[in-house]
Structures are given as C-alpha cells and as structure tokens.
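Structure first, commentary second.
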Amino acid sequence: MNPPEPKNSYTPVLIVLLIVAAFFLGSLITKVQYLEKTSGAAAPAIAGTQTQLTQEQAAPAPLAKVDVAVGHLPILGNKNAKVTLIEFSDLQCPFCKRFFDDALAQIKKEYIDTGKVKFAYRHYPLPFHQNAQKAAEASECANEQNAFWEYHDMLFQKQTEWETQSATDAAASFGNYAQNLGLNNTQFESCLSTGKFANVVKEDTDAGQKAGVTGTPTLFVNGKAIVGAQPFASFKTVIDEELK
C-alpha cells in the first residue's frame, strides 16, 4: 500500500494572494478610467487627441477695467482713436524689449498707423534694474527736445549695450544716443545729471502702482490689463473686441 500524498501547504496562500492581486488590479483599472474621464482638457497636449471643450471652459473670463490716464508723454497715433493702449514699461526690462520687438511692431502696423489705436507710454522702472531709472529720465530729457519716441526706440534697440554698464558709462551712452539723434548735447547732459525729471518718472510709477501694476510690461487696452510680453494675438483679441 502506497503512503498518502503529502498535501501542498502553499495552495491556500497562493489563492489568497491571487484574490488580493485581482482586487488591487481592478481598483487600479477603475482609477485609470476615472482619471481619463476627468483629465480630458489636458489630454490633447499629452496624447495628441482632440477633446471638445464645453462653452464654459473655452470662454475666457472677461477682463476687468481699470481707470488709467495716458500720462504726459506724446501720444503715438490718432488721438481720437476708439481704443487707447497704455504701456507701463521699464526700458531695461528684457520682456519689455521683447514686446517692443514683436507685438508692438505688429500693433503699430495694423492698428496705430491705421488710426484705430492710440498708444501711450508710461514709466515703471524696476529697482533691481540698475540703469532703468536713469534710462527713463534720459527719455524725458529727450522728450524735452521733442524726440521722445525716437529716443525710446533707440534705448530698446541698444539695450544690450547699456543695460550692464556702470552708472557713469550708462550716462555716457545715453548722451551718445542723444547726440546721434541730433539733440543738444549740453542741454541733454545737464538735464540728465541734475535729475530734472526724476519726480516725473516717479509720478508714472505711482500711477502704475495705483492701477495694480506689479511687473513690466503691463498694458491696458481701454483699461483692460494684459500682463507680460504676450504675443500679438493676445492683444488683437482684446483690441478687436473693443473696436466692435
């Protein structure tokens, strides 16, 4: 007579482990399905699929209007234009230069030069930009000789030359730019060295803070704020809405 086969003591343990594994696998599948349903808005960027957004999701929140004055500097464009675009800017700010190089050039061509938009510039030199305050004052000294916009453009075009210079060297550069534009150099240097327009620059900065400006560039389209060096399309959307 053969001895009885020994019982496998591991079988019940394996069965329990399989049941637990099946439970966790089911939970994982359910969770993945739930996440796929609730994260549809982010799916196109990850998987390349298209997701239909609801009307509520697609429509941006309306921009609140702020009461902002155009300031004292010359207006660019038609003074009677329906839309007013006001920029609070720092002449040393690289993002302000990006706006100047990109979006502003297109805005000028499509809206300012065609009389649909008037453009105003206001100072907002940031304290951590070492030459921004004096650059703003230099543009005011140029404005005193009726050359604000020409000098404004030159400061942005030459920004990489003067932005890291010492205060003395930057002042010399500002004087050279004025001379290149045919301004009275003696008058300009006296204006800049005495800080003649320092308080005027501060008045713009104070007005910007009152309007809620915290960084540059900040632009207001008929009082609606657009912050940062946004692409032309962002401005076009708001401007076209205001032109309706």
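At-a-glance table
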| quantity | calculated |
| --- | --- |
| Under the Karplus curve 6.51 cos²θ - 1.76 cosθ + 1.60, θ = phi - 60°, whole-Hz ³J(HN,Hα) for region 170-180, x wherever Gly or Pro sits | 5, 4, 5, 5, 4, x, 5, 5, 4, 5, 4 |
| Estimated FRET transfer efficiency when R0 is 41 angstrom, pair E161-K244 (beta carbons, to 0.05) | 0.45 |
| Test item: Cα-centred dipole of region 99-217, Lys/Arg +1 and Asp/Glu -1 on Cβ, debye | 300 |
| Cross-link reach list, aspartates and glutamates versus K210, counting only Cα pairs under 15 Å and skipping chain neighbours closer than eight places | D67, E87 |
| Spatially proximal aspartates and glutamates relative to K79 (Cα-Cα < 12 Å; intrachain offsets below 8 disregarded) | D113 |
| Dimensions (Å) - region 83-243, Cα atoms, principal axes, largest first | 47, 30, 24 |
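Just so you know, all these numbers are worked out from the coordinates, no wet-lab data involved. Being a predicted model, the structure only gives us computed values, none of them experimental. Cβ coordinates were reconstructed from backbone atoms using ideal geometry, including for glycine residues, and neighbour counts include every protein chain displayed.
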